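This report refers to the structure that appears directly beneath it.
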Amino acid sequence: MRDLYLVSVYVHLLCTAIWIGGMLFLALVVVPVLRRPELRTQAPALFATTGRRFRSVGWATLIALVATGLIQLDFRLGGLATLGDAAWWRLPFGRLLGIKLTLVALTLSLAAVHDFWIGPRASRLLEQEPASPRAQQWRAGASWLGRINLLLGLGIVALAVILVRGLD
């Protein structure tokens with residue numbers, strides 16, 4: 001059982017690196033490159049293609065993060081039945097885990113809205129009518145959702161560190 005736990009921790013960390021790293025790569029590398037004047041005409045198509053590819057990678061990592069997180073919780077709590085104990089949620093670990101799980105749920109929800117509604121709509125509009133105010137509004141909305149999800153992800157990582165390293 002301990003081997004499963006260690007593998008789940010490894011996969012969890014790897015998926016976290018891929019997901020957070022991917023969002024940072026998009027924000028810090030891809031977006032600035034695509035803003036270069038010589039790439040302006042190709043930018044909408046390149047970003048849409050990159051976004052679709054990262055969406056597949058991102059959702060695979062998010063699913064793996066949830067699965068490995070459940071394995072780790074089962075191991076650390078001695079069984080997931082502990083989650084049904086109201087008194088346990090009032091303990092410092094339970095309260096902090098509750099905050100983390102709330103942020104995870106919010107992140108998954110925002111990622112779904114971004115990846116399956118706002119992002120694709122922004123991409124379509126930017127390819128069809130790149131200079132229109134409507135396309136720019138949808139692009140800005142997609143950009144802000146991406147930023148918020150990155151910040152939520154960083155917050156989740158911070159809470160994970162506190163949960164694992166102690167609440168002293």
Qualifying positions in the stretch 89-116 - over 18 Å from Leu65 (Cβ atoms) and loosely packed, with under 14 Cβ neighbours inside 10 Å: Arg90, Leu91, Pro92, Arg95, Phe116
Would you say Gly22 is within 25 Å of Ile162 (Cβ to Cβ), in a helix (DSSP H, G or I) and in contact with a helix residue (DSSP H, G or I) (Cβ under 7 Å, 6 or more places away or on another chain)? yes
In the stretch 145-168, what residues are loosely packed, with under 13 Cβ neighbours inside 10 Å and over 24 Å from Leu96 (Cα atoms)? none
Answer yes or no: is there a residue in the stretch 44-60 that is closer than 20 Å to Ala158 by Cα and assigned to a helix (DSSP H, G or I). yes
How many residues does the stretch 25-70 contain that are more than 23 Å from Leu4 (Cα to Cα), among the hydroxyl-bearing types (Ser, Thr, Tyr) and at pLDDT 95 or above? 1
The stretch 35-72, subset more than 16 Å from Ala105 (Cα to Cα), in contact (Cβ under 8 Å) with a residue 12 or more places away in the chain and β-branched (Val, Ile, Thr), residue surrounded by the fewest Cβ atoms within 10 Å (Cβ to Cβ): Val57
If you scan the stretch 99-150, which residues turn out to be of a type in the set (D, E, K, R) and over 20 Å from Ala60 (Cβ atoms)? Lys100, Arg121, Arg124, Glu127, Glu129, Arg134, Arg139, Arg147
It is to be established whether one or more residues within the stretch 71-92 are part of a helix (DSSP H, G or I), over 19 Å from Leu24 (Cβ atoms), among the hydroxyl-bearing types (Ser, Thr, Tyr) and at pLDDT 95 or above. no
If you check Val9 against the conditions, is it among the aliphatic types (A, V, I, L, M) and either outside any helix (DSSP H, G or I) or within 19 Å of Gly155 (Cα to Cα) (or both)? yes
When the stretch 12-22 is checked residue by residue, the ones that are within 13 Å of Gly69 (Cβ to Cβ), without any contact (Cβ under 8 Å) to a residue 60 or more places away in the chain and crowded, with 17+ Cβ neighbours inside 10 Å are Cys15
In the stretch 76-128, which residues are of a type in the set (Ser, Thr, Tyr) and within 24 Å of the chain's Cα centre (by Cα)? Thr102, Thr107, Ser109, Ser123
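The values are calculated or read from the model by the stated rules, or taken from the named source; none is laboratory data. Being a predicted model, the structure only gives us computed values, none of them experimental. Note: ideal-geometry Cβ built from the backbone for every residue, glycine included; neighbour counts use all protein chains shown.
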